[in-house]
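Engineer: Would you mind keeping the following structure in view while I ask a few things?
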Amino acid sequence: MLHTVNKSPTERNALESCLKHLTKGCAVLLIEDGVYGALKGTVSTKMVEQALKHHPIYALYPDLEARGMQDRVIDGIKLVDYSGFVDLAVEYPSVQSWL
Amino acid sequence: MTEVTGGIEMEEDTSGKIKKFLYINRKAPYGTIYALESLEVVLIAAAFDQDVSLAFLDDGVYQIIKGQQTRTIDVKNFSPTYRALEGYDIEKLYVEKESMEARGLKEEDFVVPVKVINAKEMADLMQSQDVVLSF
């Protein structure tokens with residue numbers, strides 16, 4: 001399953017809850033304010049790095065760039081554009097949105 | 001002294017006392033409309049010659065980050081507008097230290113000069129205002 005998160009981890013607990021509910025084979029895509037969860041040096045970095053050991057994590061590049069955060073992404077998080085977003089949605093049998 | 005009739009001041013003195021206004025920004029830009037709305041209200045209020053301060057705390061510190069490029073999400077990048085506030089005599093911009101550090105940010109990451117203060121100082125700043133507007 002592909003999980004998308006669109007809220008900042010310092011505004012809501014959507015990312016934290018999402019990461020807690022991942023099962024084998026799941027991936028996470030961070031979009032909109034969710035991209036703040038992809039950043040180095042924040043209070044949620046450790047939690048995300050831990051999840052990265054078991055699950056691929058993606059972040060939508062246009063949303064990172066809009067927020068001026070494109071150079072602060074945790075190593076190992078893969079950046080995708082809109083067509084990459086579509087590819088992920090097609091690749092996984094289902095999508096769950098964490099709002 | 002003006003007459004007060006039925007709760008309505010008949011001859012309001014428009015020159016009035018200058019009040020202290022604090023605009024509190026706690027939301028990241030773009031994900032919601034709060035940041036842009038706050039900026040719009042600040043610019044409108046600037047026309048009334050009041051004592052204006054802006055506070056950025058929690059995710060609000062993301063509003064004034066350098067290097068925002070919004071072309072690919074098709075919305076207006078309003079971050080350069082914060083640099084124009086100086087022209088409206090709005091020069092008191094405060095960032096909460098704890099919020100900045102929790103997000104791995106530094107003072108030089110911001111598009112405008114700010115005063116970094118801790119949560120206690122922020123609380124005192126809030127307490128010292130006549131009017132507080134939250135976004």
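Engineer: If you take the residues in region A:43-85 that are touching a Lys or Arg at 6+ places or on another chain (Cβ under 9 Å) and within 11 Å of chain B (Cβ to nearest Cβ), which one is surrounded by the fewest Cβ atoms within 10 Å (Cβ to Cβ)?
Structural biologist: That would be A:Val43.
Engineer: Next question. Checking the conditions here, which among A:Val86, A:Val48, A:Val80, A:Val90 is without any contact (Cβ under 8 Å) to a residue 60 or more places away in the chain, under 24 Å from B:Glu98 (Cα atoms) and of a type in the set (A, V, I, L, M, F, W, C)? Give the steps one after another, and end with the answer.
Structural biologist: Working: A:Val86 fails: under 24 Å from B:Glu98 (Cα atoms); A:Val80 fails: under 24 Å from B:Glu98 (Cα atoms); A:Val90 fails: under 24 Å from B:Glu98 (Cα atoms).
Result: A:Val48 is the single residue among A:Val86, A:Val48, A:Val80, A:Val90 that is without any contact (Cβ under 8 Å) to a residue 60 or more places away in the chain, under 24 Å from B:Glu98 (Cα atoms) and of a type in the set (A, V, I, L, M, F, W, C).
Matching residues to (1) in contact with a Leu (Cβ under 8 Å, 6 or more places away or on another chain); (2) surrounded by fewer than 14 Cβ atoms within 10 Å (Cβ to Cβ); (3) over 20 Å from A:Gly34 (Cβ atoms); (4) facing chain A (nearest Cβ under 9 Å):
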site: B:Ala28; (1), (2), (3), (4): no, no, no, yes
site: B:Ala47; (1), (2), (3), (4): no, yes, yes, no
site: B:Pro80; (1), (2), (3), (4): no, yes, yes, no
site: B:Val112; (1), (2), (3), (4): yes, no, yes, no
site: B:Lys120; (1), (2), (3), (4): no, yes, yes, no
site: B:Ala123; (1), (2), (3), (4): no, yes, yes, no
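Engineer: Separate question: For region A:11-99, give me every one of the helices (runs of 4 or more DSSP H) that falls completely inside it and has 1 or more residues that are under 18 Å from B:Asp74 (Cα atoms).
Structural biologist: Because the criterion is at least 1 residues that are under 18 Å from B:Asp74 (Cα atoms), the helices (runs of 4 or more DSSP H) in region A:11-99 that meet it are A:61-66, A:82-91.
Engineer: Does region B:85-94 include one or more residues that are modelled with pLDDT under 95, assigned to a helix (DSSP H, G or I) and surrounded by 13 or more Cβ atoms within 10 Å (Cβ to Cβ)?
Structural biologist: yes
Engineer: Collect the residues in region B:62-78 that are surrounded by fewer than 19 Cβ atoms within 10 Å (Cβ to Cβ), within 25 Å of B:Lys106 (Cβ to Cβ) and under 19 Å from the mean Cα position of the chain (by Cα), keeping them in residue-number order.
Structural biologist: B:Lys66, B:Asn77, B:Phe78
Engineer: What is the one condition in (1) buried (at least 20 other Cβ atoms within 10 Å of the Cβ); (2) more than 14 Å from chain B (Cβ to nearest Cβ) that A:Gly25 does not satisfy?
Structural biologist: (1)
Engineer: Also, I was wondering about something else. Answer yes or no as to whether B:Asp59 is among the acidic types (Asp, Glu), within 11 Å of chain A (Cβ to nearest Cβ) and crowded, with 19+ Cβ neighbours inside 10 Å.
Structural biologist: Yes; evaluated as a whole, the condition is true for this residue.
The values are calculated or read from the model by the stated rules, or taken from the named source; none is laboratory data. All values reported here derive from a predicted model rather than from experimental measurement. Heads up, the Cβs are rebuilt from the backbone with ideal geometry, glycines too, and the neighbour counts pull from every protein chain shown.
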